[in-house]
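Presented below is the structure to which this report refers.
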Amino acid sequence: MPLAAAIIPVTPFQQNCALVWDEESKRGVVIDPGGDLDRIQAAIAELGLTIETILLTHGHIDHAGGAAALAEALAVPIVGPSREDAFLLDDLPAQGARFGFEGVRAVTPDRWLTEGETVGIGGHDFGVLHCPGHTPGHVVFTNAAAGFAIVGDVLFQGSVGRTDFPYGDGAALIAGIRGKLFPLGDEIAFICGHGPGSTFGAERRGNPFAGDGAQDG
Ligand SMILES: [Zn+2]
């Protein structure tokens, strides 16, 4: 029962909203529905998916701005991120006003996540890792058997998440990438919040901020 994934870039930030599902049962999740819900719902319908859950990696507007409305429309729970991002999820309407997003609602997840828990994606268990630094409550979803991870704004192809926020922590971000993500294995492929995905091995070898050759490494 292999997993499949589709990416729908949403919002002016071109954030990678991801659909991940089991190919046999067509059951799955929406990860980080930041906005453009009409396009997300059209993709769900086109693929014939039954969505069970909305997963959030962190509380930024381009990831979570559409979560409350989509949860209501699909009648599914919102799961994640970690509780440390509550201040961002409470602040979503203000974030929306700042960036010109309309109708953004605050989010109260049905379930907060902590490291070591698992979440189900179409019947497949994904582990939860807490990787703070970009935001305090950022989580990453991993499935070693499928060789697959969803890392949000922690790690990108050739880059890492911003930490120039009042609550940012660059050292924690790099420590999480090196201490929690890379040890999962070079072969793990990931979807990230912006731009093309990559593998942990390619980033360990070549990422200028978190890789083996990074200046502080
Ligand atoms: Zn972010």
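The values are calculated or read from the model by the stated rules, or taken from the named source; none is laboratory data. Keep in mind the model is a prediction, meaning the values are calculated, not measured. Reconstructed Cβ throughout: ideal geometry from the backbone, glycine too, with neighbour counts over all protein chains shown. To get the accessible areas, we keep the full protein, side chains included, count just its heavy atoms, and leave off ligands, DNA and RNA. Shrake-Rupley method; radii C 1.70, N 1.55, O 1.52, S 1.80 Å.
Scan around Asn207 for amide H atoms under 5 Å from its own, H built in the peptide plane at 1.01 Å from N, and keep only partners 5 or more places away or cross-chain.
Those lying under 5 Å, H to H, from Asn207 are Asp212.
Over the chain, give the accessible area per residue in Å² for a 1.4 Å probe, as an integer. Each step should come with its number before you reach the end.
Details: 8980 Å² over 217 residues.
Per residue, the chain has an accessible area of 41 Å².
List the relative contact order of the range 7-91 as a percent without decimals, with contacts defined as Cα pairs under 8 Å and 6+ residues apart.
On the way: 158 pairs, mean separation 21.9, N = 85.
Contact order relative to length: 26 percent.
Pull out a ≥ b ≥ c, the square roots of the eigenvalues of the alpha-carbon gyration tensor of the chain, then state rounded if a/c is under 1.5, prolate if not and a/b is larger than b/c, and oblate in the remaining case. Write down the numbers at each step before the final one.
Numbers: a/c = 1.69, a/b = 1.19, b/c = 1.42.
The shape class here is oblate.
Rank-order 23-36, 120-133, 99-112 by packing density, defined as the average count of other C-beta atoms within 10 Å over each peptide's residues, highest first. Present the calculation step by step, with values, prior to reporting the outcome.
Details: 23-36: 21.9, 120-133: 20.4, 99-112: 15.6.
Ranked from most to least packed, the peptides come out as 23-36, 120-133, 99-112.
Is it possible to state the helix-based mean residue ellipticity at 222 nm for the chain, with each DSSP H run of 4+ residues giving -39500 (n - 2.57), the sum divided by total residues, to the nearest 500 deg cm²/dmol? What is it?
On the way: 7 runs with 50 residues, N = 217.
Helix contribution divided over all residues of the chain: -6000 deg cm²/dmol.
Of the DSSP beta bridges with both residues in the chain, give the percent that are antiparallel, rounding to the nearest 5.
On the way: 28 of 40 bridges.
Of those bridges, close to 70 percent are antiparallel.
Tell me whether the range 47-165 comes out rounded, prolate or oblate; compute the Cα gyration tensor, take square roots of the eigenvalues as a ≥ b ≥ c, and use a/c under 1.5 as the rounded threshold. Show your work: numbers first, answer last.
Numbers: a/c = 1.70, a/b = 1.15, b/c = 1.48.
It is oblate, given that a/c is not under 1.5 and a/b is not larger than b/c.
Counting only protein heavy atoms and a 1.4 Å probe, tell me what percentage of the chain's accessible area is made up of carbon and sulfur.
Details: 4700 of 8980 Å².
The nonpolar share, carbon plus sulfur, comes to 52 percent.
Per 0.36 nm of contour for each residue apart, how much would the distance between Arg162 and Arg98 grow if the chain were fully extended, relative to their Cα-Cα spacing? Could the numbers behind the result be given before it?
Details: separation 64, 0.36 × 64 = 23.04 nm, distance 1.83 nm.
Answer, rounded to one decimal: 21.2 nm.
Label points 7 Å out from Cα along the Cβ direction at Glu23 and Leu47: separation in nm?
1.3
Can you run phi through the Karplus equation (6.51, -1.76, 1.60; θ = phi - 60°) for the range 106-116 and list ³J(HN,Hα) in whole Hz, with x for Gly and Pro?
Rounded to whole hertz, the list is 5, 10, 10, x, 6, 8, 7, 10, 10, 4, x.
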